[in-house]
Amino acid sequence: MNQMPYAEARKLVTHPVACIDCHDPQTMQLRVTRPGFIEDIRAFKASQGRQNYDVNTLATRQEMRSFVCGQRHIEYYFKGPEKRLVYPWSKGLKVDEIMAYYDEVGHKDWTHADTGAPTLKAQHPEFEMWNQGIHARSGVACADCHMPYKREGALKISDHHVNSPLLKINRSCQTCHKWPEDELKARVETIQERHFKLRNIAMDALMDLIADLKSGKTAGKTDAELSAARNFQRRPSSTLISSRPRTPPASTRRRRLRESWASQSTSRGRGRTRCGAILSRRVNLRESKRRRNTTNIKKQDT
């Protein structure tokens, strides 16, 4: 089917997802069925030094609660004339590592008509983004938030109405985050608004770059002269990541931590004010201890 035009392949599909995509029909255990995921998670694990990884026998059940989702919610491309489905993970899951893979194999999704840039389009890399986030590092699976547990009579099951955790904050979020629903929702909306603004800034900059490239091409600039700018168009996400400010010094991070807790404790009542004050004192004590140790070392040296 991979080599067929979409309109023709679509006629052979009545439903894109069924129970057997994620569950063994005999035992109902979670399983990965997509060959692309099976092959390329093996390549990813090999890049980390773990050879011959078999996801269906070596992954934990908690890992499988994300891996079955990662069969579809990923970045991919169709390789060669046979249109083989490939997940570009052999160098890693981060955007720079995926870009390095694409540069090595010379892949492009299309050539931009106005600029001539060999362009890439990320499909829907939710699995890759989740892998780099705090939830993955904390052992939280996709299903924990998007398919939280619920009761059906005496049974505890995963909710298979897969949708936004914000539609079921009580079961999706408050099992870990012990804050009121309104506050949790407000936090998420604030993060989303900031992300949307940053995305718009990046998109505006990209459109300006495309306009400049188009003007340069019209003015007769050579491919060699346009090469660097075309490369920036090819990798806007990678460029944005590499231009992030460096991590501030430890003293600055400690000061910001104290300021953050002070502001939070002021707005959250006496109990949390006390918690903030305790944390601030602990930070100050650690700082004083570090300075004393440094002073003692200097005295010993002299």
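Based only on Cα atoms, what mean projected area does the convex hull of the range 161-243 have, in nm²?
8.2
If you keep only loop residues by DSSP, which trypsin sites (Lys or Arg not before Pro) in the range 170-231 have at most 11 other Cβ atoms within 10 Å of their Cβ? Those satisfying the criteria are Lys178. Looking at the range 74-165, how many pairs of lysines come closer than 27 Å at the Cα, when each pair is eight or more places apart or spans two chains? Lysine pairs satisfying the spacing and distance rule in the range 74-165 number 13.
Using the Kirkwood formula on the Cα atoms of the range 6-140, what hydrodynamic radius do you get, in angstrom to one decimal? Kirkwood radius, the range 6-140: 16.5 Å. Extension gain for the segment Leu85 to Thr175, taken as residue separation times 0.36 nm less the Cα-Cα distance, is 28.7 nm to one decimal.
Readers should treat all values here as calculations from the given coordinates under stated rules, not as data from a laboratory. What you are looking at is a predicted structure, and each value in this text was computed from that prediction instead of being measured. Positions of Cβ are backbone-derived with ideal geometry, glycine not excepted, and every protein chain shown enters the neighbour counts.
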